[in-house]
Structures are given as C-alpha cells and as structure tokens.
Amino acid sequence: MEKKLIELDIDRLAFEGGGMAKRDNLSYFVRSAIPGDKILANIITKKKKYIIAEIEKILIPSQQRVEPECKYFGECGGCTLQNMNYTEQIKWKRQFVIDSLTHIAKLGQIEVQPVLPSTREYHYRNKMEFSFSDSRWLSKSEIQNNEQIPDKNFALGLHSPENYMKVLNIDDCSIAPIETPQILEIVRSSALAEHLSPFNSKMHTGFLKNLVVRYSLYENKILIILISNSEFGDTEKKFIKKIADELFKQLKTLKGFIWAINGNVSNVAVGEIKEIFGDNFLIEDIQGIKYRISPFSFFQTNPYQINKFISTILEIADSTKNDIIYDFYCGTGSITLPISNKCKFVYGFESSTQSIEDAKYNAELNNISNAQFNVLDLSSKNIDQELQSFPKPDIIILDPPRSGLHKNTIENLIKILPKKIIYVSCNPSTLARDLEILKEYYSIEYVQPIDMFPQTYHIETIVKLNIK
C-alpha cells in the first residue's frame, strides 16, 4: 500500500502522549512526536475531525527531544514521554491540568501552580505488574531482523497498546524497581525450563498469569507475588517451591515470595494467597509513620515523592485541632494517619477490606488513637445515611481512582456539604468533570499539580474547595 506522506510542525502535546499538529483545519495526532519537531508523517487513519499518523522521518528534531533510556520505548505504551526532557514534561503536564479545568470544568481563567517535580526520574515505581501470555507481541526489531524466536509462545512482560490480548516480552523496565531485570530472568528461565504454560486470554487456560514486584524504600526490600490459574498439580507445586528457593538465593533484598490463585477469566493481578515464603508484607515510612503494605493493598507508587505529596496535601487542607475529617478512598491510611496529628478526629473510608485491615494495623503500630477506619462502598446511593452515626465532617479528603467520583458519591457530598473538600486526583479529565458539578456549591481556592509519574503523561493534582 502506498504511503500517504505529509509534512507537519508539531506544536502541542496530546494528553496521552504524542504530538499534535494543525493543518487545513484538521488535527493530526502523531505518536512519539513532541512539540518543536518538524516531521514527515505517514497517515494511518482518517477520522471526521482528526487524523492519526506516524513518524516517517524527523526533518528537524525538537530542542526538547532526548534519547529514551528504555529500549522498548514506543512499543510497550507505558512511558510515552521518555523522549522529552523532564523540564518540558512537567510544563506540559501543568498544561493538561489547565486545559481540563478550562474546557471541561469551564472554570475560566483558573490559576494552576507550577508542578512540583519528582526527585527521581527513573526506577521510581514501588509496584509493577507483569503478565504472562502464550500470545507474544513481536517487537519491531524482532520483525525487522527476522529473528528466530525459540519461545514464540511464551511472553512475560507488558500488554501491547496495539493489541491488549498480546504481551510484549521484556527483560527490563526503566521505571520499575532496579531488581526487576534479575527477577524477570529468574522467573522466565525457570518457567521455560519446567515447560509451564502461560495464560491464554481467549481460552482462559494456562498456569502462569501475573508477576507482581513490590518494593519498600524504607526497608530496601522486595516482595514478589506470582499469580496463577486455579488449575494445577504436583508439577506446578514443585515449581513454586523451586522458584521461591531460587529467588531467595539470588536476591539479597527479597523479603517474601507469595503464590496466589486467580481462577477468574480476567487477567487482573489479584488473587487468593495459596502459599507464603518469608514475609507477606512490606513496611514503608511517611513522615515518621510506619505502614504495613499487604500484597494487594493500594499504596502510592512513588516512594521518593510521597513525603512531598502528603505534606502538600496537609498544607493545602490547613486543618485545625478542632476539625473532624473524613478521608474517602483512604487505602492503608497514607493520608489519614499523617493528618491525624492536625485534627480532632479523622475517619477513613474504603471499600477494600484488606486495605482497611492494613490501615487499622498501621494506626495501632503508630499508637494513633484519633483515627478510625471503616469499610464503606463509596459509590452507594445512601452514603449520607450510613454516615449518620459519625460526627459531621468539617473537611472531606477525596482520593478516588482514575475514573473519578461516582455520581452517587458526588450527590452524597452535596448532601453532607463539608466546609472544605480536598480533592486529590490522578486524572485531570475526571477531576474536571467532577469539579464542574461541585463548583455550584464550592469555590476552587487552590490547584497544585505534583508529578508522581515521570516519563508518563500522568499527573497528580491536589485541589482545595471552600464552600460558598
């Protein structure tokens, strides 16, 4: 098929990474292009109002362009900004927040503070989830070099953005814990030697499903969770024991290895714990407060930035010793426990039973008596009624998932009407969507982006809302 080539001057960054250009009243989206690039682009797909293209040739590179550290850049789909210098990354992340608040929340000329940058640009994640698959996505270099691949039906790595049913086989990740290459090699080589089958997403067969690597900066320790399908026999049991022994032998930082079972058809990296070798938790520290992190409980993924993140939330909340605070989506208490020192009482609410158990343990571990944790479905229609047994809050802190607040949660917030809301978001679009509703009742007083995810387009934002 003949290529359709066009010259483009990239002048903006798209929210999910990649460059944008305007020409003939059409928007062009070009993956791996960055603002300042002049490129020759190949048109891939034409839509009514925009066109998707790919770089055929960089005619004049942007001054902000850098060489990506990761050899899988552009193929795994994870770190879409790795070819842009970090100062430029955070400039555009701030612009993402401004654009969302302006166009989606319709807040007009909203002041957004400069982004608080991450102190570490690579190997900052304390949790990485990898997938096994018998459907391997071949990299461009493998295809171009016509390589003979002996293990074509075995992959351990990350899902391809081109086809989520396939997995790109990787041996390293530039944002994962530094032990990751060694862990991947040990697990992959052992599984291949034992001829263990990886998961098939279509047939829902195969033993190996996920490999989760968690890291504690405070302890400098690793926790590894191998998640398998529920069907297994003696061969698989022997493999688990063998791989556990090998990992402990080769990894000095390994604190625990866990085998978990997930018999569901989905490939989500959670499961029922079957066997534990060593410990089944890590300990992390935030502002002198210790946290137990269980295998599947949520915890902020950038430990190098978390003290700055939490202290910024506390500063913006500006609570007093007389305040009652609710912390919605409290997780293991990463915000709840530090703010307990600055209020009368704080109540943490979360739907995950495991996270609440960890949060209660963490409160006891740190001798904190003015924090209480409760399992609550925050998307329930009658949250306000379920909360009637608790004192009315002066402040509610929200830290929802990327999907933002459920409509029931927003309706209940409006019924409760605390004096102040601190909304912590990892998605500018859903944040803006929710603020458009809340702005009728609250004024937006302060917006502070903070970068927890270098090399990616993701940005955390802390917003202070005061009741009108």
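The values are calculated or read from the model by the stated rules, or taken from the named source; none is laboratory data. These numbers come from a predicted model, not from an experiment. Here the Cβ is made from the backbone with ideal geometry for all residues, glycine too, and neighbour counts use every protein chain on show. Each accessible area value is taken on the protein alone, full model and side chains, heavy atoms only, with ligands, DNA and RNA left out. Shrake-Rupley method; radii C 1.70, N 1.55, O 1.52, S 1.80 Å.
Remarks
- Overall, the anisotropy analysis places the range 107-181 in the prolate class: the square-rooted eigenvalues a ≥ b ≥ c of its C-alpha gyration tensor yield a/c not less than 1.5, with a/b exceeding b/c.
- Accessible carbon and sulfur surface of the chain relative to its total accessible area, %, 1.4 Å: 48 percent
- Across the range 341-468, counting alpha-carbon atoms alone, Rg and Dmax equal 15.2, 45 Å.
- Euclidean distance of C-alpha centroids, the range 84-119 and the range 392-445, integer Å: 19 Å
- Charged neighbours of Arg136, selected by a Cβ distance under 10 Å, balance to -1 (K, R count +1; D, E count -1).
- Coordinate range of the alpha-carbon atoms in the range 1-102 per principal axis, descending: 37, 36, 25 Å.
- Where a label projected 7 Å from the Cα of Asn341 along Cα→Cβ would reach, residues of the range 287-314 with amide N under 13 Å: 287-290, 307-308, 310-312, 314
- Computed lengthening from Thr119 to Thr102, 0.36 nm per intervening residue step minus Cα-Cα distance: 3.2 nm
- A simple rule links phi to the HN-Hα coupling: the Karplus curve 6.51 cos²θ - 1.76 cosθ + 1.60 with θ = phi - 60°, which for the range 250-266 gives 9, 10, 5, 8, 6, 9, x, 10, 10, 9, 10, 10, 9, x, 6, 6, 6 Hz, with x for Gly and Pro.
- Check: the chain dipole with +1 on Lys, Arg Cβ and -1 on Asp, Glu Cβ, in debye: 760 debye
- Sequence-distant residues sharing a close amide H with Asn169 (under 5 Å, placed H): Trp137
- Selection among Gly19, Met203, Leu226 by position relative to the dipole of the chain gives Gly19 as farthest towards the positive end (Cβ unit charges, Cα centre).
- In the range 348-387, the GluC sites (Glu not before Pro) that fall in loop regions by DSSP, at most 14 other Cβ within 10 Å: none
- At a probe radius of 1.4 angstrom, the accessible area of the chain per residue rounds to 45 square angstrom.
- Positive minus negative residues near Ile58 (Lys, Arg vs Asp, Glu; Cβ under 14 Å): -2
- Förster radius 56 Å - calculated FRET efficiency between His195 and Ser27 (Cβ-Cβ, nearest 0.05): 0.65
- Between the range 50-80 and the range 217-282, the Cα center-to-center distance that results, in Å: 36 Å
- Residue-wise HN-Hα couplings along the range 87-97, as the Karplus relation 6.51 cos²θ - 1.76 cosθ + 1.60 with θ = phi - 60° gives them from phi, are 4, 6, 4, 6, 4, 6, 5, 4, 5, 4, 5 Hz; Gly and Pro carry x.
- Remark: the range 432-438, residue by residue, has Karplus-estimated 3J(HN,Hα) of 5, 4, 6, 5, 4, 7, 6 Hz, where x stands for each Gly or Pro and the curve is 6.51 cos²θ - 1.76 cosθ + 1.60 at θ = phi - 60°.
- The range 211-244 residues near the modelled Glu272 label - backbone nitrogen below 16 Å, point 7 Å along Cα→Cβ: 227-233
- The chain shape via C-alpha gyration tensor axes, a/c threshold 1.5: oblate
- Rounded FRET efficiency, nearest 0.05, which uses the C-beta distance separating Asn322 from Asn153 and R0 of 45 Å: 0.10
- Rg and Dmax of the range 145-232, based on Cα coordinates, read 14.1, 45 Å.
- Amide H contacts of Gly331 (H built 1.01 Å from N, under 5 Å, at least 5 apart or other chain): none
- Sites Lys419 and Lys140 - FRET efficiency at Förster radius 56 Å, r taken between beta-carbons, to 0.05: 0.50
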